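The values are calculated or read from the model by the stated rules, or taken from the named source; none is laboratory data. Just so we're clear, the structure is a prediction, and the values are computed from it rather than from any experiment. Positions of Cβ are backbone-derived with ideal geometry, glycine not excepted, and every protein chain shown enters the neighbour counts. Heavy atoms of the whole protein, side chains included, go into the accessibility calculation; ligands, DNA and RNA do not. Shrake-Rupley method; radii C 1.70, N 1.55, O 1.52, S 1.80 Å.
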Amino acid sequence: MKCDKCGKEAVIFQKYSGMHLCAAHEIDDVERKIKKHMRQERMVIPGDHIAVAMSGGKDSAATLSILVETFRKRPDIKFSAITIDEGIEGYRNNSVPKVKELCDKLGVSHIIVSFKDDIGYTLDEMLKRERKEASCTYCGVFRRMLLNRTAREIGANKLATGHNLDDDAQVVLMNVMNGDIERLARLRPSRIQEGLVPRIKPLMDVPEREIALYAFLKKLPFYMGECPYAHESLRGEIKDMMNEFESRHPGTKYSVMRGFDSMVECLKEKYKQVPLERCEVCGEPSIEKLCQPCKLKKRLRIEKEKRDILS
Ligand code: SF4
């Protein structure tokens, strides 16, 4: 197949747009979508210090690379990279060196914060101790807290994540399937909350497979392995289902997000954003008196004490 723009060999067929694109035009197309989205949302403004959450996968690699390349001539805009090392044997230890390689290449400072140092246990250790929730719940609760706290501590005023179109469409569908419409409304917060570093998602308009191809064509260092706990989540099933739908009905993922965007204002009206308090234990922003990470930590501690008594 030939590229519809220049006649060179095509590397991708975008079913939803009907376009065949060669490597150079696919790179252009991905960058155009990301830059357009950043402009529309006024994501980056003069004086920003943006912390980029870096897992070492394709999405975070593409996020950091395009942000740094786009604003290379803007010394007033600063970037830092933060990696949370959850302590997942055979996974995170392979992806962290990729982040380091990319940060060195782009000249971005890189901070690593580990579950083990901060919480006292790796994710693997937590899951051996307690399994009342899905693995991703433990992981997500602590990772979100550490990312936010670290970004705030280094003086970043925004936190960029590598969420792509597929990720957000999966979250929309997952919350609908769980009947958790209040959580769905929180996907687009109405205002900035004290203590919470606002998040930006530059890749939100680009399908996952195009980000993967982009990272590959740009020769970005990234880790291709999958988290060993990924298959346990409902999200994995939703991902498979959406991919199947997308292949039979091209454009489904964009339609899900369009549908969500057209009802989000009604949702925000119904589910008003509640002002956050400070957790009485750690002082981090929280809806309740005790934040989720402190609740989980307390449970893990109790579980350990029980085991110590029995052993
Ligand atoms: Fe954490 Fe789940 Fe992602 Fe694995 S798949 S890194 S456990 S959130």
- Message: I'd like the residue in segment 222-237 that is charged (D, E, K, R) and in a helix (DSSP H, G or I) and, out of all such residues, is nearest to residue 106 (Cα to Cα).
- Response: 235
- Could you please tell me which pairs satisfy a Cβ distance under 7 Å, a separation of 6+ or placement on different chains, a first residue in segment 183-206 that is of a type in the set (Ser, Thr, Tyr), and a second residue that is assigned to a loop (DSSP other than H, G, I, E, B)? 190/273
- Selected residue [modelled with pLDDT under 95, within 12 Å of the ligand (Cβ to nearest atom) and open to solvent by 30 Å² or more (accessible area, probe 1.4 Å)] from 133, 194: 133
- Item | Condition met for residue 95 (small (Gly, Ala, Ser), open to solvent by less than 40 Å² (accessible area, probe 1.4 Å) and under 19 Å from residue 304 (Cβ atoms)) | no
- Going through segment 62-88 one residue at a time, which ones are within 14 Å of the chain's Cα centre (by Cα) and either modelled with pLDDT under 95 or farther than 19 Å from residue 117 by Cβ (or both)? 62, 63, 64
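Per-residue answers, yes or no, for (1) under 30 Å from residue 191 (Cα atoms); (2) in contact with a strand residue (DSSP E or B) (Cβ under 8 Å, 6 or more places away or on another chain):
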position	(1), (2)
121	no, no
128	no, no
139	yes, no
143	yes, yes
146	yes, yes
150	yes, yes
154	yes, yes
159	yes, yes
166	yes, no
- Would you mind stating whether residue 210 is away from the ligand (no atom under 16 Å from the Cβ), modelled with pLDDT under 95 and either open to solvent by less than 30 Å² (accessible area, probe 1.4 Å) or farther than 28 Å from residue 124 by Cα (or both)? no
- Identify, please: which residue in segment 219-272 is among the basic types (Lys, Arg) and within 16 Å of the ligand (Cβ to nearest atom) and is, among those, nearest to residue 186 (Cα to Cα)? 235
- Taking the residues in segment 53-99 that are among the aliphatic types (A, V, I, L, M) and not in a helix (DSSP H, G or I) as candidates, determine which candidate is farthest from the ligand (Cβ to nearest atom). 77
- Item | Residues satisfying the stated conditions in segment 107-117, i.e. more than 15 Å from the ligand (Cβ to nearest atom) and in contact with a Phe, Trp or Tyr (Cβ under 8 Å, 6 or more places away or on another chain) | 108
- Message: Restricting to segment 143-179, name every residue that is open to solvent by 30 Å² or more (accessible area, probe 1.4 Å), within 16 Å of the ligand (Cβ to nearest atom) and in contact (Cβ under 8 Å) with a residue 60 or more places away in the chain.
- Response: 163, 174
- Query: Inside segment 28-43, can you point out the residues that are buried (at least 17 other Cβ atoms within 10 Å of the Cβ) and not charged (D, E, K, R)?
  - Reply: 30, 34, 37, 38, 43
- Task: Report, by residue number, each residue of segment 6-26 that is open to solvent by 30 Å² or more (accessible area, probe 1.4 Å), in contact (Cβ under 8 Å) with a residue 40 or more places away in the chain and either outside any loop (DSSP other than H, G, I, E, B) or aliphatic (A, V, I, L, M) (or both).
- Result: 11, 23
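Out of all the residues in segment 39-89, which are among the hydroxyl-bearing types (Ser, Thr, Tyr) and without any contact (Cβ under 8 Å) to a residue 60 or more places away in the chain? Write out each step before concluding.
Let us first name the residues in segment 39-89 that are among the hydroxyl-bearing types (Ser, Thr, Tyr), namely 55, 60, 63, 65, 70, 80, 83.
70, 83 - these are the residues of segment 39-89 that are among the hydroxyl-bearing types (Ser, Thr, Tyr) and without any contact (Cβ under 8 Å) to a residue 60 or more places away in the chain.
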- With the first residue restricted to segment 280-304 and required to be closer than 18 Å to residue 148 by Cα, and the second required to be open to solvent by 90 Å² or more (accessible area, probe 1.4 Å) and assigned to a helix (DSSP H, G or I), Cβ contacts under 8 Å at 6 or more apart or on different chains are 286/292; 290/298
